[in-house]
Every structure is written in structure tokens, then in C-alpha cells.
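Here's the structure, in C-alpha cells; my notes come after.
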Amino acid sequence: MKKLLLPLAALVIVALSLAWTVPALASPAEQIRDRIANLQQRIDEGKLSGALTPPEAKRLQRDLNSIRGTFEKARKGALTPREIDVLNHRLDILDKKVFKQKHDKQKRHP
């Protein structure tokens, strides 16, 4: 039993270390695209569940569309480190706004 446990533990450690390194291999553009998609999904879920009121959802969607437009324009050339930082900062701010709006006491009335 002990002979089996050690290789199994080693396999788990290797699998976990790979799981942590794979996202780091994605390019900055892919990471930003994934963050945009994640925020879009969270906004859509908030609209469907009623956690976001229509005005909240509209404001958040407008902010996300602005970020998406900036990303698409910047992506036509190579993204500079400054553009990556600015986009990530804007996504951080929007992420906090989405969380705050989804968890406030306002609910859409069915």
C-alpha cells in the first residue's frame, strides 16, 4: 500500500503544478480576452437571476463594451505593456463593480 501511495502523491503534485503553470503560458491578449468573456458571463447571469437591475446591467455592459472596443483596437497591432496594464486595471475595476452590484440589496422585481 505504501509503495502505491508515494507514486500517487507524486502524480498529484505534478498534476497540480501543471494546472498552475498552464494559465501562465497564455499570452496577455488571451488572458484579457478570457477576462472579458468571464465578465460578460457574470453580467448575463446577473441579468437572468435578477441580481442586477436593468439600469445596473446596462451600465456594466456599457463599461465592458468600452473595454472590449479598446482591446480590439489595441489588438490590431501588438499590445504594448502599457496597454496591457491599462486594460487589466480597467477590468479589475469592472470586476469589483460587477461583484458590488450583484451583491447589493437591489433586486429586479419579476
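Things to note:
- Karplus 3J(HN,Hα) series, Hz, for the stretch 46-57 with 6.51 cos²θ - 1.76 cosθ + 1.60 (x for Gly, Pro): x, 5, 5, 7, x, 5, 10, 6, x, x, 5, 4
- Size descriptors for the stretch 29-110 (Cα atoms only): Rg and Dmax, in that order, 13.6, 46 Å.
- In summary, the lysines within cross-link reach of Lys58, defined as a Cα separation below 28 angstrom excluding same-chain residues under 8 places away, comprise Lys47, Lys73, Lys76, Lys96, Lys97, Lys100, Lys102, Lys105, Lys107.
- Cβ-Cβ FRET estimate between Ile93 and Val14, R0 fixed at 41 Å, reported to 0.05: 0.65
- Stretchable slack from His103 to Glu45, in nm (0.36 nm times residue separation minus alpha-carbon distance): 19.6 nm
The numbers here are math on the coordinates, done by the rules we state, and not lab data. Owing to the predicted nature of the structure, the values given are computational and were not obtained by experimental measurement. Every residue, glycine among them, receives a Cβ derived from its backbone with ideal geometry; neighbour counts consider all protein chains shown.
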